[in-house]
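The numbers here are math on the coordinates, done by the rules we state, and not lab data. Model, not experiment: these values are computed from the prediction. Neighbour counts are summed over all protein chains in view; Cβ atoms, including those assigned to glycine, are modelled from backbone coordinates with ideal geometry.
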Amino acid sequence: MVKEFILSEHAILQQQIESAIIRQFAPEDEGLRAALSAAKEAGLPEIQISPIQGKFLQLLATMCNAHKILEIGALAGYSGIWLARALPADGHLISLEVSPEHAAVVRNSFARAGVGDRAEVRVGKALEVLPQLQSEAPFDLVFIDADKSPYPQYLDWALRLTRPGSIIVADNCIRGGRAFQPTEDEGTAGVAEYNRRVTSDPRLVSLALAMDDDYTDGFAISVVKYE
Ligand code: SAH
Ligand code: DHB
Ligand code: MG
């Protein structure tokens with residue numbers, strides 16, 4: 001089958017390009033690698049963002065001169081380490097995590113990666129913790145990556161807790177294309193509604209980008225407009 005042959009050649013080329021980009025632009029250091037092995041040892045699911053996504057978050061944080069970052073969904077701290085490293089010495093990352101077991105792994109990984117001074121994990125259901133963050137707002141960047149069905153509510157909170165010029169990023173907004181089709185799955189429905197809201201809200205400029213390790217999922221990125 002000529003077509004399959006061409007597709008697989010293309011897939012190989014794509015992988016080679018991705019590896020080269022990671023090697024040159026987004027290499028993992030000891031702290032990031034340790035966070036991944038600690039996650040594995042603790043039996044956590046391997047659903048972290050990719051190195052390219054991590055470096056992309058750093059790029060966005062730098063673009064908006066982020067001093068305060070909010071993450072919803074910490075897992076083992078991998079994305080949090082990428083984010084915290086984009087902060088200046090007096091910057092602060094608050095990462096929300098519902099599981100105390102995950103949070104314990106995160107705290108170790110933050111310390112080991114040298115960001116324990118500026119990165120903090122708060123344990124609780126995000127929808128219960130978010131209302132307590134108003135006094136610490138505005139955040140310059142919000143990264144949403146927890147359970148998927150409340151994504152629209154997380155967006156409401158992100159809008160309350162940001163300022164014009166802030167960036168709001170959500171992971172898993174493509175889901176192999178299922179986020180753009182009718183769906184029975186609650187999580188996918190949450191993400192689909194998130195996409196509709198960020199593309200129709202006049203306060204935001206938004207784009208979804210396929211950028212995970214096989215380009216079937218990725219971020220929806222939004223900027224809060226100035227006017
Ligand atoms: N951002 C991480 C991956 C997060 S995985 C990374 O890329 O490294 C999703 C995480 O969200 C899990 O650890 C899960 O326990 C947490 N989570 C799920 N529901 C949540 C909720 N309601 N509030 C806070 N955290 C939640
Ligand atoms: C899942 C969650 C994620 O945040 C992700 O990036 C990949 C998978 C999941 O719940 O299956
Ligand atoms: Mg995710």
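The set of residues from segment 53-81 being in contact with a Gly (Cβ under 9 Å, 6 or more places away or on another chain), within 13 Å of ligand 3 (Cβ to nearest atom) and hydrophobic (A, V, I, L, M, F, W, C) comprises just one member, A74.
Scanning segment 182-219 for residues that are touching a Ser or Thr at 6+ places or on another chain (Cβ under 6 Å) and under 19 Å from F139 (Cα atoms) turns up V198, L204, S206. Restricting S166, S200, S206 to residues that are away from ligand 1 (no atom under 14 Å from the Cβ), closer than 27 Å to A103 by Cα and of a type in the set (G, A, S) narrows the list to S166.
Mind checking whether some residue in segment 61-82 is among the acidic types (D, E) and assigned to a strand (DSSP E or B)? Checked against the condition, which is being among the acidic types (D, E) and assigned to a strand (DSSP E or B), segment 61-82 yields at least one hit. Could you please find all residues in segment 57-76 being surrounded by 21 or more Cβ atoms within 10 Å (Cβ to Cβ) and either of a type in the set (S, T, Y) or within 14 Å of ligand 2 (Cβ to nearest atom) (or both)? Passing the criteria: L57, E71, I72, G73, A74, L75, A76. Where helices (runs of 4 or more DSSP H) sit wholly within segment 121-227, those with at least 1 residues that are over 14 Å from I72 (Cβ atoms) and among the basic types (K, R) occupy 186-200. Against the numbered list (1) touching a Gly at 6+ places or on another chain (Cβ under 6 Å); (2) touching a residue at least 60 places away in the same chain (Cβ under 8 Å); (3) in a strand (DSSP E or B), S109 comes up short only at (3).
Flag not set for R197, criterion: farther than 30 Å from I12 by Cβ and loosely packed, with under 14 Cβ neighbours inside 10 Å. Candidates are the residues of segment 83-106 that are assigned to a loop (DSSP other than H, G, I, E, B) and of a type in the set (A, V, I, L, M); the one that is farthest from ligand 3 (Cβ to nearest atom) is A89.
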